[in-house]
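Take a look at the structure set out below.
The values are calculated or read from the model by the stated rules, or taken from the named source; none is laboratory data. Computed from a predicted model, the values in this text were never measured in an experiment. So basically every Cβ, Gly included, is an ideal-geometry build from the backbone, and we count neighbours across all protein chains shown.
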There are 4 protein chains.
Amino acid sequence: MIRFNCDYSEGAHPRILERLIETNMIQNPGYGEDLYCEKAAGYIRKECRLPEADVHFLVGGTQVNLVVLAAALRPHQGVVCADSGHINVHESGAIEATGHKVLALANTDGKITAAQVRACYDAHYNDETHEHMVQPALVYLSQPTESGSLYTLAEMDAIHQVCLDTGLLLYVDGARMGYGLMAENNDLDLPALGRMCDAFYIGGTKVGALFGEALVLNNPALQKDFRYILKQRVGRLAKGWLLGIQFTALFEDGLYYKLGRHADEMAYRIRDGLLKKGYSFFSNSSTNQQFPIMPNSDLEKLAEKYAYSVWAPIDESHTAVRFCTSWATKEEDVDAFLKDLEAL
Amino acid sequence: MIRFNCDYSEGAHPRILERLIETNMIQNPGYGEDLYCEKAAGYIRKECRLPEADVHFLVGGTQVNLVVLAAALRPHQGVVCADSGHINVHESGAIEATGHKVLALANTDGKITAAQVRACYDAHYNDETHEHMVQPALVYLSQPTESGSLYTLAEMDAIHQVCLDTGLLLYVDGARMGYGLMAENNDLDLPALGRMCDAFYIGGTKVGALFGEALVLNNPALQKDFRYILKQRVGRLAKGWLLGIQFTALFEDGLYYKLGRHADEMAYRIRDGLLKKGYSFFSNSSTNQQFPIMPNSDLEKLAEKYAYSVWAPIDESHTAVRFCTSWATKEEDVDAFLKDLEAL
Amino acid sequence: MIRFNCDYSEGAHPRILERLIETNMIQNPGYGEDLYCEKAAGYIRKECRLPEADVHFLVGGTQVNLVVLAAALRPHQGVVCADSGHINVHESGAIEATGHKVLALANTDGKITAAQVRACYDAHYNDETHEHMVQPALVYLSQPTESGSLYTLAEMDAIHQVCLDTGLLLYVDGARMGYGLMAENNDLDLPALGRMCDAFYIGGTKVGALFGEALVLNNPALQKDFRYILKQRVGRLAKGWLLGIQFTALFEDGLYYKLGRHADEMAYRIRDGLLKKGYSFFSNSSTNQQFPIMPNSDLEKLAEKYAYSVWAPIDESHTAVRFCTSWATKEEDVDAFLKDLEAL
Amino acid sequence: MIRFNCDYSEGAHPRILERLIETNMIQNPGYGEDLYCEKAAGYIRKECRLPEADVHFLVGGTQVNLVVLAAALRPHQGVVCADSGHINVHESGAIEATGHKVLALANTDGKITAAQVRACYDAHYNDETHEHMVQPALVYLSQPTESGSLYTLAEMDAIHQVCLDTGLLLYVDGARMGYGLMAENNDLDLPALGRMCDAFYIGGTKVGALFGEALVLNNPALQKDFRYILKQRVGRLAKGWLLGIQFTALFEDGLYYKLGRHADEMAYRIRDGLLKKGYSFFSNSSTNQQFPIMPNSDLEKLAEKYAYSVWAPIDESHTAVRFCTSWATKEEDVDAFLKDLEAL
């Protein structure tokens, strides 16, 4: 079975394992107060051109989202996001469990617009009953989105402008950031995110690390006492240096980008093969996740050799599915898939 | 200024004040363990034909909703409701503050259908990622709805059947129950609610009481330790007998229904006057709230003498507004309004 | 049965009922935005010499505690209080249900000292593992305490000084404030509390009102968006003017103090009677609650005519109990009690 | 610098790294639904003689505590534990952040007794105001305790008996379980824990793993929907097989016990050296943590070469400190320490 169902099916890039072996018996202080975390944070600050930002390393993405929102919001405040946003759908209510409402807006291709954010703000702040409603306080975006699409620099800038005008905070979930940064036509780089976001994270789990996400806390107001909340919401790893070592390996010489590019290229080959077969697509993705709408009969045949994710039923005989590539995807597996696809 | 903007602008029906005066210096045990509460609970059990139900008296509706949901749901469970539902819009995130997601479905005239509830259940329980999503566990309906409309017996029965099939609990918010029970064409009475609901409440604040809501807890599983949660979520009034006295007055001889009928009749006169002027309506209401769509120019004129609520902007020159009647609405105020309306 | 078991066994002072009757059919805007609340707030600001304070009226004391703490604390912060504090014992975990730890210090006569507060602060802030512990952020005191004792001006000043030195907020629960203000030897008046506290409340439920507490929010940082949190935590009464009317009646000409004095005097008569019989006391109370330690045999005899609260078992044959007086306590009931006591 | 300050200063036992390398590019399903987790769960069920138990693998100990308590408790329920318990002190209020009160009892040597638990239960359940108090529902113990001490089989049995009598659940935090199981005089083995506990966890992070804890859920009532809550409280690792691989390595042939024994032996050598110098001890520990009370002057000298944790100030010139050994402690480091200690 060749697994294209998700982008977290293998361990880590070999360089990361090597580093873990080399440093295994070196004694370190715990909870992220070690030299590796310091070094990795330095690399990331430099990539984002944010010399003053705090960088924290956490184990997983839901953890990062939960800790940031718990730290940023007062009890009566909510987070604005796409209805397809990870925090709205696939975190088992983790955000609500911290006491906050998710104000979900209808997505287009996984994205929301500046105008939607503005309208949501206006509906809540200007209404005569505003004190009876949740107060929107933060905008959550995913880059790339859960549908594989990307915000353009212009789209993100427009949302950022609404945030500036209204006082909303801006936070970006970058679980698959590497695949977005290296996508064709992408014009939203780390310095641009650093300039606009109050906080964002750069995902490692899906992009070469064994596990781990790098959270960039840019807004000083969010930095205060953040480590307390990190501990309370179980976001601190005892052997924190394991995260520092991994992000050092990913960012010391651009390995993160190289892995991102590889996955995107593998995805484009799959996309092109699917297009060639005439399938339409559920979303307009230029990253490592591709969402073709396929006849169920074709899917059944492919399922004998390939794992994919069922995304959404379309009609009685068609289903939208997800094929994922990753840093670990092998050329020969893509070759085999394309050959079998062509033969359908 | 004559206030039609809401249905809680006056104190209480005179009988209630009289009772409070008569009993003022009688010493009672606190926290609802008095004879008045016992008596009132008996009346309500009888009206609902639920001899085994627990009846609790609380001060306000948001309180009831919050306590019931906090008691009924496990941490990973959510509540299904109309997107126009009071818990989804106008409780400042009170439900999320107890840790639970509100799963909002698109309303039609303030209502949701059995098919929508079933589809929501299926989408969450049958999906391969269901453990990454909130688990729907309870259906929240309002009767009458926030738009003044009513579930028919058949509609409610269909939703109840979905609940039986899936294990979802059924809870009805009856903040304006009296106005629903006595509405023209209503076929959903208290025994029917008692038969179908795991819990529901009969609103007093808006229907003749100074304050107070009567919660009927029908499902034994919800009864266990409920008074602990009532205390924790500040739903217990120290001088609990104040609530028992009021509900005794409302239910000992049908005053509650009489007050409900009065408000509906006043509302129908207003509705008929609005129809006669040719206005269309934002919702199809047969209860004490009426939602005409009116030219802003007309509204401005009326605003000199009458208070109403702005509901929703329709276009540049029209707005949907709310006119409310209540148990306290005076015939002469309605007469004056109709005259001024006609003269517009 | 004559009830001395608590101080909320009767309705309200007659003047309050009269006002409710007089104003019953006057239409008011809801949720505390009416003229009565404005007027009552003015009286209270004046009594406290706090012209800039926000004053909010809530139904009950647990509600006030919960809303203030939810509004004042960030997620990782806790509240320091006596282990006998109401929030630590008798609110069914209401504070923890908002996510916050109660850091309970050993009480002496219901009180804690400035030195204890300072030591608690130091233990949490200076420890090398402080980020793994809850951060103390607010001091909760009750005046009078749950044991009927009173902080002196000097004691409160010392605690206030620790708060100034450390940045801790100071909040006083005044459920029985009236009985404290008028107690013999009390030197802590409302202006003193106003000068020292970030927030405190003046209790009505136990001091003449049907229900209601007046929260004084003195610290501007606590005022921001407070009404949102009030709504979310079900602290807003739809017919808010009912609270405004009551506090107007209590504070327009000093009725509140008069009622407080009456209860204290009744309590002193009971105390003196108990002393004369040679009983010792569980706590040193100069307010309306008295806690004698009595032989169980005496208690059984008294129980035939008088209700009291069991406070704590002392040994096999003695129990500490509570006798409460209130604004409503009748001289003749105290006379009868003293006579029966003497005859034991 | 040789670190004796904690037991999580190194990576993992070499066998674990080897396994991670061998399996690195094998594709696995995510979130713990892989064959390694299944295999490891089987080993653990067998060790505990619990063929029907659910076994879940989580990243860290605070995570396990939080998820178990969030799943086990209803909103009004609290957890009984020693005041020195990890959940009461060093989790930044993580349990309270799930809404539950920690009912802390005075510890003796890190432990509480069956009689204390029973008294706590009685004080809360039998009091006339019990519905105004938190309801104790679960007993949390640590084995070994935070002070390095151990519950004997008889002590644990007595607590278990109270749990059976009252309906309290029993949960054991085994962050350092391996060091307890192999301690001299220990008579509490995994089958005994399996027989008595509703849930407990076997710590890996501190006993040879890179990270990871194995939670044994024994009570079927706790198993229902547990994976939802695991996801919501961020307890599920995307690449869950990383945990399965580690626990397979630890339990396939008893490596876990061997590592536990090594650390204990190293700790006994340190203890004996400290005893020889005549120091007294802050607690009676027979596991890998030793807590001598030492002159500050001696500590300063040792601090030049050795890291230890400051535990508690004793007087002006003495401090209780913690020396930890672990699976990774080198004989030669202990030799060096003992030599330097002797030379003080």
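Hey, residue A:254 hits all of (1) touching a Cys at 6+ places or on another chain (Cβ under 9 Å); (2) surrounded by fewer than 18 Cβ atoms within 10 Å (Cβ to Cβ) but one; which does it fall short on?
Condition not satisfied by residue A:254: (1).
Taking residue B:44, is it more than 11 Å from every other protein chain (Cβ to nearest Cβ), of a type in the set (Val, Ile, Thr) and in contact with a helix residue (DSSP H, G or I) (Cβ under 9 Å, 6 or more places away or on another chain)?
Numbers: more than 11 Å from every other protein chain (Cβ to nearest Cβ): yes; of a type in the set (Val, Ile, Thr): yes; in contact with a helix residue (DSSP H, G or I) (Cβ under 9 Å, 6 or more places away or on another chain): yes.
Answer is yes for this residue.
Give me the residue from the range C:72-101 that is part of a helix (DSSP H, G or I) and polar (S, T, N, Q) and, out of that set, nearest to residue D:124 (Cα to Cα).
Taking the candidates together, the pick is C:88.
Take residue D:271 and tell me if it is outside any strand (DSSP E or B) and basic (Lys, Arg).
On the way: outside any strand (DSSP E or B): yes; basic (Lys, Arg): yes.
For residue D:271, the condition - outside any strand (DSSP E or B) and basic (Lys, Arg) - is met.
Condition test on residue D:10, is it among the acidic types (Asp, Glu), more than 14 Å from chain B (Cβ to nearest Cβ), under 27 Å from residue B:76 (Cβ atoms) and in a loop (DSSP other than H, G, I, E, B)? Spell out the reasoning first.
Working: among the acidic types (Asp, Glu): yes; more than 14 Å from chain B (Cβ to nearest Cβ): yes; under 27 Å from residue B:76 (Cβ atoms): no; in a loop (DSSP other than H, G, I, E, B): yes.
Taking the combined requirement at face value, the residue does not satisfy it.
Would you tally the residues in the range D:142-154 being part of a loop (DSSP other than H, G, I, E, B) and in contact (Cβ under 8 Å) with a residue 40 or more places away in the chain?
9
In this structure, does residue D:297 turn out to be under 30 Å from residue A:211 (Cα atoms), surrounded by fewer than 24 Cβ atoms within 10 Å (Cβ to Cβ) and of a type in the set (S, T, N, Q)?
No: the conditions fail for residue D:297.
Restricting attention to the range C:19-40, and to residues there that are assigned to a helix (DSSP H, G or I) and without any contact (Cβ under 8 Å) to a residue 24 or more places away in the chain, which single residue is farthest from the other protein chains (Cβ to nearest Cβ)?
C:22
Filtering the range C:110-136 down to residues that are closer than 24 Å to residue D:308 by Cα and charged (D, E, K, R), which residue is farthest from the other protein chains (Cβ to nearest Cβ)?
C:122
Report every pair of residues separated by at least 6 positions or lying on different chains whose Cβ atoms are under 7 Å apart, first residue within the range D:81-109 and touching a residue at least 60 places away in the same chain (Cβ under 8 Å) and within 14 Å of chain A (Cβ to nearest Cβ), second small (Gly, Ala, Ser) and assigned to a strand (DSSP E or B).
Matching pairs, first to second residue: D:86/D:142.
Taking the range C:305-329 as the search range and keeping residues that are crowded, with 18+ Cβ neighbours inside 10 Å and over 18 Å from residue C:341 (Cβ atoms), which one is nearest to the other protein chains (Cβ to nearest Cβ)?
C:328
Which residues, taken from the range D:38-49, are touching a Leu at 6+ places or on another chain (Cβ under 9 Å) and either buried (at least 16 other Cβ atoms within 10 Å of the Cβ) or under 14 Å from residue D:245 (Cβ atoms) (or both)? I'd like the intermediate steps shown before the answer.
Kept after step one, since they are touching a Leu at 6+ places or on another chain (Cβ under 9 Å), are these residues of the range D:38-49: D:40, D:43-44, D:47-49.
Matches in the range D:38-49: D:40, D:43, D:44, D:47, D:48.
Identify, from the list D:115, D:119, D:123, the residue that is over 20 Å from the mean Cα position of the chain (by Cα), farther than 24 Å from residue B:75 by Cα, in a helix (DSSP H, G or I) and modelled with pLDDT under 95.
Answer to the check: D:123.
Could you tell me which of the residues C:68, C:139 is in a strand (DSSP E or B) and more than 11 Å from every other protein chain (Cβ to nearest Cβ)?
Checking each option against the conditions leaves just C:139.
The conditions are (1) in contact with a Phe, Trp or Tyr (Cβ under 6 Å, 6 or more places away or on another chain); (2) within 25 Å of residue C:236 (Cβ to Cβ), and residue B:1 fails exactly one of them. Which is it?
Against the list (1) in contact with a Phe, Trp or Tyr (Cβ under 6 Å, 6 or more places away or on another chain); (2) within 25 Å of residue C:236 (Cβ to Cβ), residue B:1 comes up short only on (1).
Go through the range A:320-344 residue by residue and tally those that are assigned to a strand (DSSP E or B) and at pLDDT below 95.
The total comes to 0.
Which is touching a residue at least 40 places away in the same chain (Cβ under 8 Å) and at positive phi, of D:49, D:74?
D:49
For residues that are more than 16 Å from residue A:329 (Cα to Cα) and aliphatic (A, V, I, L, M), tally how many sit in the range D:17-33.
Of the residues in that region, 3 qualify.
Of the conditions (1) under 22 Å from residue C:291 (Cβ atoms); (2) touching a Gly at 6+ places or on another chain (Cβ under 6 Å), residue C:106 satisfies every one except a single condition; which number is it?
Evaluating residue C:106 over (1) under 22 Å from residue C:291 (Cβ atoms); (2) touching a Gly at 6+ places or on another chain (Cβ under 6 Å) leaves (2) as the failure.
One residue is enough: does the range C:199-208 have a residue meeting the conditions within 30 Å of residue C:94 (Cα to Cα) and more than 14 Å from the chain's Cα centre (by Cα)?
no
For the range D:155-192, what are the residues that are in a loop (DSSP other than H, G, I, E, B) and surrounded by fewer than 19 Cβ atoms within 10 Å (Cβ to Cβ)? Spell out how you get there, then give the answer.
Going residue by residue through the range D:155-192, those that are in a loop (DSSP other than H, G, I, E, B) are D:167-168, D:174-176, D:182-189.
Answer for the range D:155-192, where residues must be in a loop (DSSP other than H, G, I, E, B) and surrounded by fewer than 19 Cβ atoms within 10 Å (Cβ to Cβ): D:167, D:184, D:185, D:187, D:189.
Given the conditions (1) surrounded by fewer than 24 Cβ atoms within 10 Å (Cβ to Cβ); (2) of a type in the set (Asp, Glu); (3) under 19 Å from the mean Cα position of the chain (by Cα), and given that residue D:52 satisfies all but one, which numbered condition is not satisfied?
Among (1) surrounded by fewer than 24 Cβ atoms within 10 Å (Cβ to Cβ); (2) of a type in the set (Asp, Glu); (3) under 19 Å from the mean Cα position of the chain (by Cα), residue D:52 violates only (3).
Only one residue in C:35, C:20 is crowded, with 19+ Cβ neighbours inside 10 Å, hydrophobic (A, V, I, L, M, F, W, C) and modelled with pLDDT of 95 or more. Which one?
Result: C:20 is the single residue among C:35, C:20 that is crowded, with 19+ Cβ neighbours inside 10 Å, hydrophobic (A, V, I, L, M, F, W, C) and modelled with pLDDT of 95 or more.
Of the residues that make up the range C:204-227, is at least one within 14 Å of chain A (Cβ to nearest Cβ) and among the aromatic types (Phe, Trp, Tyr)? First the steps, then the outcome.
Applying the first criterion (within 14 Å of chain A (Cβ to nearest Cβ)) to the range C:204-227 yields C:221-227.
Those still in the list that are among the aromatic types (Phe, Trp, Tyr) too: C:226.
Taking every residue of the range C:204-227 in turn, at least one turns out to be within 14 Å of chain A (Cβ to nearest Cβ) and among the aromatic types (Phe, Trp, Tyr).
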